[in-house]
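Here's the structure, in structure tokens; my notes come after.
None of the figures in this text is laboratory data; all of them are computed from the coordinates on show. Keep in mind the model is a prediction, meaning the values are calculated, not measured. All Cβ positions, even for glycine, are placed from backbone atoms using ideal geometry, and neighbour counts span all protein chains on display.
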Amino acid sequence: MVTSSRNVAVGKPDLAVSGGLLVAPLGTTRPTSHTDTFDPAYVSAGYLSTDGVTESSERATEVIRAWGGDKVRTVQTEYGTTLSLTLIESRRAEALRLVFGDDNVVVDNGTVTVKRNSKVLPHRQFIIAMLDGENSSHLDVGYGQVTEVGDITYVDGEAISYELTISCDPDENGDTLLERKAADADDEDAEGND
């Protein structure tokens, strides 16, 4: 195998698809390849800030010790994946529904009314669509929920924005997140020789 700079990718949004984040109701057909066209039920939540998207995984472990203190085993006790991002289109109804809930955003006669209350935000499906030159990739969350919304500031000279944490809960296969991208040509050759 030969190293190649073509295998170095950047996380740049696929602006032909969205500003970075696509949202769909549960049960929407999910992609199976990095080249798939997304189901039309996935709608754009608009532009994201220049901070992009941060994926975080947390594994908690516990050490089991034998009498006398020797470490005999480490067991995983927790696992979780979250995505952090900031929406910057404060007039887009789909973005507002994601932040405040479907029933809390009403569009009527050219006015968007956004209610704040304690209603639990629903689970949804999410896709982060990226395109780096000709290399497409995406992150696919089959069962996610907005679990944190940062402080909203109204400041002259800054976009009104919504900092979100999306908790990626296990899907029907136990996966919290799937990442799909083009394989390196050497990887495809090696796979074909198995």
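Per-structure values
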{"read-out": "Least to most buried among TYR42, TYR143, TYR79 (fewest other Cβ within 10 Å first)", "value": "TYR79, TYR143, TYR42"}
{"read-out": "log10 of Debye I(q)/I(0), alpha-carbon scatterers only, for segment 29-94 at 0.11 Å⁻¹", "value": "-0.55"}
{"read-out": "Reachable lysines from LYS12, criterion Cα separation under 29 angstrom, eight or more residues apart if same chain", "value": "LYS181"}
{"read-out": "Whole-number percent relative contact order across the chain, with pairs defined as alpha carbons under 8 Å at least 6 apart", "value": "22"}
{"read-out": "Highest-fluctuation residue, GLY110, GLY133, GLY69 considered, GNM on the chain with Cα pairs under 10 Å", "value": "GLY69"}
{"read-out": "Förster radius 41 Å - calculated FRET efficiency between ALA66 and LEU26, Cβ distance, rounded to 0.05", "value": "0.35"}
{"read-out": "Computed magnitude of the charge dipole of the chain (debye, nearest 20; Cβ of K, R +1, Cβ of D, E -1)", "value": "740"}
{"read-out": "For peptides 150-160, 89-99, 112-122, sequence by mean Cβ density within 10 Å, most packed first", "value": "89-99, 112-122, 150-160"}
{"read-out": "Estimated FRET transfer efficiency (ASP151, THR54; beta-carbon r; R0 22 Å; 0.05)", "value": "0.80"}
{"read-out": "Residues ASP36, ASP140, sorted so that the one with the fewest Cβ neighbours within 10 Å comes first", "value": "ASP36, ASP140"}
{"read-out": "Options (1) 113; (2) 142; (3) 218 - which one matches volume of the Cα convex hull per residue in Å³ as calculated here", "value": "(3)"}
{"read-out": "Relative contact order (%) - segment 99-151, alpha-carbon pairs under 8 angstrom, separation at least six", "value": "30"}
